[in-house]
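Remarks on the structure that follows.
The values are calculated or read from the model by the stated rules, or taken from the named source; none is laboratory data. Since the structure is predicted, the reported quantities are computational estimates derived from the model, not experimental observations. Every residue, glycine among them, receives a Cβ derived from its backbone with ideal geometry; neighbour counts consider all protein chains shown.
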Amino acid sequence: MFTKVEPIVKTFESLQDYTMRDLPDESEFRAQQALKYSQEKFPVWKRLGFSEFVKEKIEKYNGDFLDGKSKILENSEKALDEKIFRDLLGRYFYGVHPKFTLLSSAFFNTGFSSLVSGHGDIHVRYDLNKNPVVIENSVAIIENGSEATMIRKISGSGRLSNSTLKFVLRQGARLKLFNVFIASKTSLFVDSNLYLLAEGADLEIYDVIFGAQKMAIDRTIDLEGINSKAKIRSVYFGRGKERVDLRYSLNHLASKTYGRTEGNGILADEAYSVFRGNIDIKKDAYEADSEEKNAILNLSPNSRADSIPSLFVDNSTVTARHGSSVGNIDEDKLYYLMSRGLDERSAIKLIVEGIFRPVIDEIPDENLKKEIENALSVRI
Amino acid sequence: MIEKEHVILKDINLKRTEPGLSRKVIEEISYAKSEPDWMRELRLKSLEYFIQRPNPTFGVDISKLDLDIIVNYVRPNSKRQNSWEDVPEDIRENFEKLGIPEAERKALAGVGAQYDSEIVYHNMKDYLSKLGVIFVDMDTAVKEYPDLVKKYFMHLIPPNDHKFAALHGAVWSGGTFIYVPENISVPMPIQSYYLMGSPGMGQFEHTLIIVDKGAHFEFIEGCSGQNYSVSNLHAGAVEIYVNEGATVKFSTIENWAKNTYNLNTKRASVDKDGTILWISGTMGSAKTMLYPSSILKGKGARTEYTTIAYAGPGQHLDTGTKVFHFAPYTSSKVDSRSISFGGGYSFYRGLLKVSQSAIHSRSSVECSALMVDDISKSDTLPIIEVMNNESEIGHEAYIGKISEDQIYYLMSRGLTEDDAKALIVRGFLDPFIKQLPFEYAVEFNRMINMNFNSKIG
């Protein structure tokens, strides 16, 4: 009935850009995606300070990146032969911006495709030290009543990491996903994930983020089926001149859907974070229940925290709320800890660890836990 | 004033400019007001900005608002009067029809009334002028206090700020000028009424309030109009300068007719230890975009908002608050509530900026929305930007329904469902209603009852 006027995303044309000539092969799939890619311009991201694109050479991915078990688990390049994967790998998805999701679809040099039936356990790790340019296109389908645990790690110092992932959770499917990014010297890091949840599907996402120089992250969760449920925990620590722009969108499209987003950030030095928590409750989503929380701890007088939570509600039978807070370390807390014999540094470390601990404890991989703990102590 | 759905105003004798905006129209307005050159130039410069600036890229859809057919200046054929009895009877009758009661006028320190583009009535208690308080209509101020006006007029809201600020700068007419000297407390509020009586017109009153060090002042504005089948436009501007240690309470009860586009700009700058209190009720208009801003530029400056938006059938109200913390120890508190019912759409848009130098600042923003039925819509979009590590910022928003338990409970106590709903809506809006002058509160309750078919109250 009413038109809401929204700002147009500003774009720019890059003098350096990928063209058909950069495609690794002549497959029709890639050519079609590259054509769509060429029709998009790059978005200008004001808060991230992104207004020029540096074209990096995309080479064949070097090394193993995938193991685990599931009914089908293979390299996305190979998966293009199967229609079910090909359709999903080529499916349009806005993500952070179509320019980047299409970059993945057309020019990917890595990625996995998986079909989980029964129980699946998938480990993915990309090494930016060996592969300074990672272009990922991945998909996973979790079949009715099946469940999967997935750990995805991207680490090292690279130049460009751009990922697009799509997850289909069929009826009653469960997915527990851990995304761990430790890539602080990487110039540009972009990660777009789409989750489609059917009736009764249950999704848990844990994002552990230790920067890149510029990071844009999007999680779009479509709660399409009745009683579907999504729970997101995100922790991040920015330092130096790192900038991170996180967007978590919960789209409630069916009745009795449930969503929880909780983001906790810590900022040191001149780090800058943007946390966007969107809750969109559509007309048919009777009795939807959604909540978004975001708390940021600023450790430095030069850090900056933006918080942009939005609630869009079309149905009157729902419960929706959001809360944001930005603050410094509670002096009482600090004083208490110091009165117990800790020096200031150790006390701050303890407080920061307390924020990360609930997420670290969920990680089912001891080595990765240690890696995160190390990354954390390096930063404090 | 509030409950005026069926009021038909009397036709009165008016002079108007040709529709649309041109150099000629502006010269004509300026000439009619026998303005000094600097003001005419400000208008013409604003026209240039207006032509250059694009429409806002957010908020309500204004594509159907045709600025080429809006009449920008309508002058009632009446001189400014200081006695209500001297106001021509037809205009007076139109104000009375909107329920501006005599009794209430008596409880005020001063009253101004604007019909279409000009102030037709103006009065202030004598003792206030003896204290040095200036309360005149804006056109008079341009002539009698040119230094003050030049120093402050459209400095907080520069004409190139946005398209409708530019339009305002070009065609502004009427409005109120107030100056309160140092350490003077004005004991009762001053009130201005704005009324749009002509179809297809635009009203662009300018309110300029300067409150000097340590002074206290309260202002109330009420806006109303008759409903026509063509669109009316309101693009007023309010500029408030709160000096060191001063306090200003600014209340608005906006109830424009349902054919009105209300694209209004309000801004206050607050010096050291000063306070601005905004009380704002948006009930009328077809479409509104309004975000009163507080610029806290002195140490310890403070702002508080109590606002409501009440969006009924056919209304899209895009309202919010903007707070800029630019100095240490500044604080802000926002309580913003909205109701949408009968297909109405309310949108809360907030901006909170805490600069690097605004250490030890505190802010708490709460917005809540109550959706009464299934055909209405409610959105919330606050933006929070914090640039230091020594401030405490909290924000919470909640959108929810009227709980069935509450209704069930009230019905078990003998209320009808409609009565129960009206009671809950009133309770939800209570923090705002409490701030209203008594007559307005009564009217407001009556309006809720009317909208929800309730007979209690």
If we keep just the residues of segment A:110-158 that are of a type in the set (S, T, N, Q) and buried (at least 20 other Cβ atoms within 10 Å of the Cβ), which is farthest from A:Gln171 (Cα to Cα)?
A:Asn131
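For the subset of segment B:389-414 comprising residues that are β-branched (Val, Ile, Thr) and over 25 Å from A:Ser324 (Cβ atoms), which member is farthest from the other protein chains (Cβ to nearest Cβ)?
If we take residues in segment B:389-414 being β-branched (Val, Ile, Thr) and over 25 Å from A:Ser324 (Cβ atoms), then B:Ile407 is farthest from the other protein chains (Cβ to nearest Cβ).
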Candidate set from segment A:284-301 (those that are charged (D, E, K, R) and facing chain B (nearest Cβ under 10 Å)); member that is surrounded by the most Cβ atoms within 10 Å (Cβ to Cβ):
A:Glu292
Of the numbered conditions (1) touching a residue at least 60 places away in the same chain (Cβ under 8 Å); (2) in contact with a helix residue (DSSP H, G or I) (Cβ under 7 Å, 6 or more places away or on another chain); (3) under 30 Å from B:Lys45 (Cβ atoms), B:Ala109 satisfies every one except a single condition; which is it?
(3)
Hits in segment A:302-317 (condition: crowded, with 22+ Cβ neighbours inside 10 Å and either more than 7 Å from every other protein chain (Cβ to nearest Cβ) or farther than 30 Å from B:Leu351 by Cβ (or both)):
none
Residues of segment A:171-186 that turn out to be out of contact with any Pro (no Cβ under 9 Å at 6 or more places or on another chain) and surrounded by fewer than 20 Cβ atoms within 10 Å (Cβ to Cβ), as a count
4
Report the residue count in segment A:211-244 for those that are crowded, with 24+ Cβ neighbours inside 10 Å and farther than 23 Å from A:Ala285 by Cα.
10
With outside any loop (DSSP other than H, G, I, E, B), facing chain A (nearest Cβ under 7 Å) and surrounded by fewer than 24 Cβ atoms within 10 Å (Cβ to Cβ) as the only criterion, which of B:Leu381, B:Leu351 stands out?
B:Leu381
When you go through (1) within 18 Å of the chain's Cα centre (by Cα); (2) assigned to a strand (DSSP E or B) one by one for A:Ser290, which number turns out not to apply?
(1)
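Residues that are touching a Pro at 6+ places or on another chain (Cβ under 8 Å) and farther than 12 Å from B:Arg349 by Cα: which strands (runs of 3 or more DSSP E) entirely in segment B:288-338 hold 2 or more of them?
Working: elements: B:293-296, B:302-311, B:316-325.
Because the criterion is at least 2 residues that are touching a Pro at 6+ places or on another chain (Cβ under 8 Å) and farther than 12 Å from B:Arg349 by Cα, the strands (runs of 3 or more DSSP E) in segment B:288-338 that meet it are B:302-311.
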Residue, modelled with the lowest pLDDT, within segment B:258-283, restricted to residues that are more than 19 Å from B:Gly320 (Cβ to Cβ) and charged (D, E, K, R)
B:Lys258
Which condition number in (1) on the phi > 0 side of the Ramachandran plot; (2) not in a loop (DSSP other than H, G, I, E, B) is the one that B:Gly343 fails?
(2)
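Within segment A:330-351, can one find any residue that is within 14 Å of another protein chain (Cβ to nearest Cβ) and in a loop (DSSP other than H, G, I, E, B)?
Going through segment A:330-351, the residues within 14 Å of another protein chain (Cβ to nearest Cβ) turn out to be A:330-334, A:348, A:351.
With in a loop (DSSP other than H, G, I, E, B) added as a condition, the list becomes A:330.
Scanning segment A:330-351, I find at least one residue that is within 14 Å of another protein chain (Cβ to nearest Cβ) and in a loop (DSSP other than H, G, I, E, B), so the answer is yes.
Quick check on B:Lys10: is it within 23 Å of the chain's Cα centre (by Cα) and modelled with pLDDT under 90? Outline the logic, then answer.
Values: within 23 Å of the chain's Cα centre (by Cα): no; modelled with pLDDT under 90: yes.
No; evaluated as a whole, the condition is false for this residue.
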The residue that is farthest from the other protein chains (Cβ to nearest Cβ), considering only those in segment A:1-26 that are within 17 Å of A:Val133 (Cβ to Cβ) and not in a loop (DSSP other than H, G, I, E, B), is A:Arg21
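How many residues does segment B:52-93 contain that are among the charged types (D, E, K, R), closer than 24 Å to B:Tyr31 by Cα and out of contact with any Pro (no Cβ under 8 Å at 6 or more places or on another chain)? Explain how you work it out, then say what you get.
So in segment B:52-93, the residues among the charged types (D, E, K, R) come out as B:53, B:61, B:64, B:66, B:68, B:75, B:79-80, B:85-86, B:89-90, B:92-93.
Imposing the further condition that a residue be closer than 24 Å to B:Tyr31 by Cα reduces the set to B:68, B:75, B:79-80.
Retained after the next criterion (residues that are out of contact with any Pro (no Cβ under 8 Å at 6 or more places or on another chain)): B:75, B:79-80.
Total satisfying the criteria: 3.
Does at least one position in segment B:39-51 carry a residue that is closer than 17 Å to B:Val171 by Cβ, touching a Leu at 6+ places or on another chain (Cβ under 8 Å) and aliphatic (A, V, I, L, M)? If you could, list the steps in order and put the result at the bottom.
Pass one, segment B:39-51, residues closer than 17 Å to B:Val171 by Cβ: B:39-51.
Among the residues that remain, those that are also touching a Leu at 6+ places or on another chain (Cβ under 8 Å) are: B:46-47, B:50.
Filter again for aliphatic (A, V, I, L, M), leaving B:47.
Looking through segment B:39-51, at least one residue is closer than 17 Å to B:Val171 by Cβ, touching a Leu at 6+ places or on another chain (Cβ under 8 Å) and aliphatic (A, V, I, L, M).
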Counting only strands (runs of 3 or more DSSP E) entirely within segment B:130-216, those with at least 2 residues that are touching a strand residue (DSSP E or B) at 6+ places or on another chain (Cβ under 8 Å) and polar (S, T, N, Q) are B:190-196
All-but-one check, B:Gly427 against (1) under 25 Å from the mean Cα position of the chain (by Cα); (2) farther than 20 Å from B:Met289 by Cα; (3) facing chain A (nearest Cβ under 7 Å), failing number (3)
When only residues in segment B:240-280 that are within 30 Å of B:Asn227 (Cβ to Cβ) and hydroxyl-bearing (Ser, Thr, Tyr) count, which is surrounded by the most Cβ atoms within 10 Å (Cβ to Cβ)?
B:Thr260
Pairing a residue in segment B:34-57 that is polar (S, T, N, Q) with any residue that is buried (at least 16 other Cβ atoms within 10 Å of the Cβ) and assigned to a loop (DSSP other than H, G, I, E, B), where Cβ atoms lie under 7 Å and the two sit 6 or more apart in sequence or on different chains, gives B:Ser46/B:Pro159; B:Asn55/B:Ile62
